[in-house]
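The values are calculated or read from the model by the stated rules, or taken from the named source; none is laboratory data. Everything numeric in this text was worked out from a predicted model, so none of it was measured. Here the Cβ positions follow ideal geometry from the backbone for every residue, glycine too, while neighbour counts run over all protein chains shown.
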Amino acid sequence: MTFPTIDPIIFSLGPLHVRWYGLMYVLGFAACYFLVQKQIEKFSYKELEPHFENLNLVLIISVVIGGRLGYVFFYNFSYYMAHPLEIPATWTGGMSFHGATIGCLVGGFLFTKIKKLDFWTCADFYVVTIPIGLGLGRIGNFINGELFGRTSDVSWAMVFPGGGPLARHPSQLYEAFLEGFLLFTFLWILKEKPWSAKKYWPHGCMLSLFLIGYGILRMFVELFREPDTQIGFIFGLMTMGQLLSLLMIVGGTLLWWIRIKQAQLRSSN
């Protein structure tokens, strides 16, 4: 298939360029804002209402900082150590979702502790909306023709402008569907389902399920995605994305076990 040529720039106003990729981030944040607000109203979590706007701001900043530092340390450490002044240059590209996740968790944890809010409740409200931004972001990657897949002879393989003459998997679209639409649908439906005796899931379970679900889906999609050229395969077996996703699965599984056990202990007392 022919890669659809889409100008990454939607329109320009003098030196200001409005890009599809940036628009996807804005739409993702807007969807998160709207859906979290709806959950706060539904579950009457009034303690969060006066801090909602500030928490959103903290999380956005945490995502950007964490995503950038994650890329620096996980994917291109030697380069940025040699060029440290380029670390803040996010406009040149280079963001890591795993780093953004760490940044978001750290920023959210510190904010909720300072404001005396329940971290697990807030985390569950936000985490079920994150796949929307993930899916939109991968569509932005596709439009940019970046993060393309490995070479393939499947009928829907595409020749990407920066991927050489061979056709490749449109792995960005695989990720948009799996990590975006499918994961969002799974979490959004599951959060409404009782887990035991018509009780809602213990706070923190949606976070753990997100970590596990994303980790599994990302590890699968990495089988079709071209490894980062500056890293290649780790130990000759897996990509950096798979290694970080494996750690997410382990962490999510441990968190699930802890939160369920704590809930069962409270029920028995």
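List pairs: first residue in region 241-269 and surrounded by fewer than 14 Cβ atoms within 10 Å (Cβ to Cβ), second residue modelled with pLDDT of 95 or more and among the acidic types (Asp, Glu) anywhere in the structure, Cβ distance under 7 angstrom, at least six positions apart or on different chains.
Hits for this filter: zero, empty list.
How many of the residues making up region 22-42 are touching a residue at least 60 places away in the same chain (Cβ under 8 Å) and over 27 Å from Ile143 (Cα atoms)?
3
Could you tell me which of the residues Phe235, Phe224, Phe181 is hydrophobic (A, V, I, L, M, F, W, C), surrounded by fewer than 18 Cβ atoms within 10 Å (Cβ to Cβ) and free of Cβ contacts under 8 Å to residues at least 40 places away in the same chain? Write out each step before concluding.
On the way: Phe224 fails: free of Cβ contacts under 8 Å to residues at least 40 places away in the same chain; Phe181 fails: free of Cβ contacts under 8 Å to residues at least 40 places away in the same chain.
Matching residue, one of Phe235, Phe224, Phe181: Phe235.
Here are some residues: Gly107, Gly66, Gly103. Which one is surrounded by 17 or more Cβ atoms within 10 Å (Cβ to Cβ), within 21 Å of Gln230 (Cβ to Cβ) and at pLDDT 95 or above? Outline the logic, then answer.
On the way: Gly107 fails: within 21 Å of Gln230 (Cβ to Cβ); Gly103 fails: within 21 Å of Gln230 (Cβ to Cβ).
That would be Gly66, the only listed residue that is surrounded by 17 or more Cβ atoms within 10 Å (Cβ to Cβ), within 21 Å of Gln230 (Cβ to Cβ) and at pLDDT 95 or above.
Is it the case that some residue within region 107-129 is farther than 15 Å from Tyr45 by Cβ, in contact with a Gly (Cβ under 6 Å, 6 or more places away or on another chain) and not hydroxyl-bearing (Ser, Thr, Tyr)?
No, region 107-129 has no match at all.
Take residues that are farther than 24 Å from Leu211 by Cα and of a type in the set (Gly, Ala, Ser) and tell me which of the helices (runs of 4 or more DSSP H) falling wholly in region 1-116 contain 1 or more. Reasoning before the result, please.
Numbers: elements: 20-42, 52-75, 77-82, 97-114.
It comes to 20-42, 77-82.
Just a yes or no: is a residue in region 158-171 part of a helix (DSSP H, G or I), modelled with pLDDT of 95 or more and not charged (D, E, K, R)?
Our first condition is that a residue be part of a helix (DSSP H, G or I); within region 158-171, this holds for 171.
Within this subset, residues satisfying the condition of being modelled with pLDDT of 95 or more are 171.
Still in the list and also not charged (D, E, K, R): 171.
Taking every residue of region 158-171 in turn, at least one turns out to be part of a helix (DSSP H, G or I), modelled with pLDDT of 95 or more and not charged (D, E, K, R).
Could you count how many residues in region 129-155 are closer than 30 Å to Gln39 by Cβ and of a type in the set (Gly, Ala, Ser)? Spell out how you get there, then give the answer.
Let us first name the residues in region 129-155 that are closer than 30 Å to Gln39 by Cβ, namely 129-142.
Within this subset, residues satisfying the condition of being of a type in the set (Gly, Ala, Ser) are 133, 135, 137, 140.
Summing the residues that are closer than 30 Å to Gln39 by Cβ and of a type in the set (Gly, Ala, Ser) in region 129-155 gives 4.
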